1. Select, from 58, 31, 62, the only residue that is at pLDDT 90 or above, of a type in the set (Gly, Ala, Ser) and surrounded by fewer than 19 Cβ atoms within 10 Å (Cβ to Cβ).
2. Kindly indicate the residue of region 27-58 that is part of a helix (DSSP H, G or I) and under 15 Å from the mean Cα position of the chain (by Cα) and also nearest to residue 89 (Cα to Cα) among those meeting that condition.
3. Got at least one residue in region 185-193 being more than 26 Å from residue 223 (Cα to Cα), open to solvent by 70 Å² or more (accessible area, probe 1.4 Å), at pLDDT 95 or above and over 16 Å from the mean Cα position of the chain (by Cα)?
4. Yes or no: region 230-242 includes at least one residue that is touching a Lys or Arg at 6+ places or on another chain (Cβ under 9 Å), open to solvent by less than 50 Å² (accessible area, probe 1.4 Å) and either in a helix (DSSP H, G or I) or among the hydroxyl-bearing types (Ser, Thr, Tyr) (or both).
5. Let me spell it out: the conditions are (1) at pLDDT below 90; (2) open to solvent by 20 Å² or more (accessible area, probe 1.4 Å); (3) within 24 Å of residue 167 (Cα to Cα), and residue 38 meets all of them except one. Which number is the exception?
6. Contact list please: Cβ distance under 7 Å, first residue in region 213-240 and among the acidic types (Asp, Glu) and at pLDDT below 95, second residue assigned to a helix (DSSP H, G or I) and open to solvent by less than 80 Å² (accessible area, probe 1.4 Å), pairs at least six apart or on different chains.
Amino acid sequence: MNKLFVRQIFVDGDIPQENYISRLPVVKSLAKKPVTFEKPVTFFVGENGIGKSTLIEALAVAMGFNAEGGSRNFCFSTEDSHSVLSEYLTVAKGPVISKDGYFLRAESFYNVASNIDQLDRQPCGAPFIVDGYGGVSLHKQSHGESFMALVENRFSGDGIYILDEPEAALSPMRLLRLMSNIKTLVDKNSQFIISTHSPILMAFPDADILEIKGDSIKSTPLEKTEHFRVTKNFLDNPERTFKYLFDN
């Protein structure tokens, strides 16, 4: 069994009421009860605005990653817009330290790619950073191709990988390929903590799905999640869904 690098998270301290994060359902839940990680792959799922990405970002920052994404070596900032949740988030770590790690944030991966290109234009005698991503500028690939170049070349295993909505750039076929890569990395003693809306990704075998609803975070079987039920109902009978949407 994998030795998990992150065992538990919880909110410690009183967040000022005037700060919007104090009103997020995920924050209210974590203030009442810690989340314990028990599987190498954990998904946070829930409706838009419930605080999934804010939590993923705060966890990444608390673990020493750049708020906009990248490894712990990245220190650029395009815009200082991340929340203060990381200051109130306590992370209980496992007994071993990860050898690798990465924070993939779909909405700011463009900024990571730009920073890599910028650093590689400054000759310093060191190997080019892009060589660790497959040797081709991430800006010279499609969004989905650059995501896969990152996972397949940069992720080396024995690491903690925090992903925020990785499905944003990926076709269904690429999602399946991503899942294959995740399995390979899990077999190399890696831990994944992922925010997602994708029922395909959530179907990863033996993963823990933590659904955020109201002010609670509960481990939920795939078939019981709202994402799965809505998707299945639509695919089973699109006409019924359209009739409901368009006749009201």
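1. Details: 58 fails: surrounded by fewer than 19 Cβ atoms within 10 Å (Cβ to Cβ); 31 fails: at pLDDT 90 or above.
Exactly one residue qualifies, and that residue is 62.
2. Ranking the candidates gives 58 first.
3. yes
4. The answer is no, given that none of the residues of region 230-242 is touching a Lys or Arg at 6+ places or on another chain (Cβ under 9 Å), open to solvent by less than 50 Å² (accessible area, probe 1.4 Å) and either in a helix (DSSP H, G or I) or among the hydroxyl-bearing types (Ser, Thr, Tyr) (or both).
5. The number of the failed condition is (1).
6. Close Cβ pairs satisfying both conditions: 215/25; 215/29.
The values are calculated or read from the model by the stated rules, or taken from the named source; none is laboratory data. Nothing here was measured: the structure is a model prediction, and the numbers come from that model. Cβ atoms come from the backbone with ideal geometry, glycine included; neighbour counts cover every protein chain shown. Areas reflect the complete protein model, heavy atoms only, side chains present, ligands, DNA and RNA absent. Shrake-Rupley method; radii C 1.70, N 1.55, O 1.52, S 1.80 Å.
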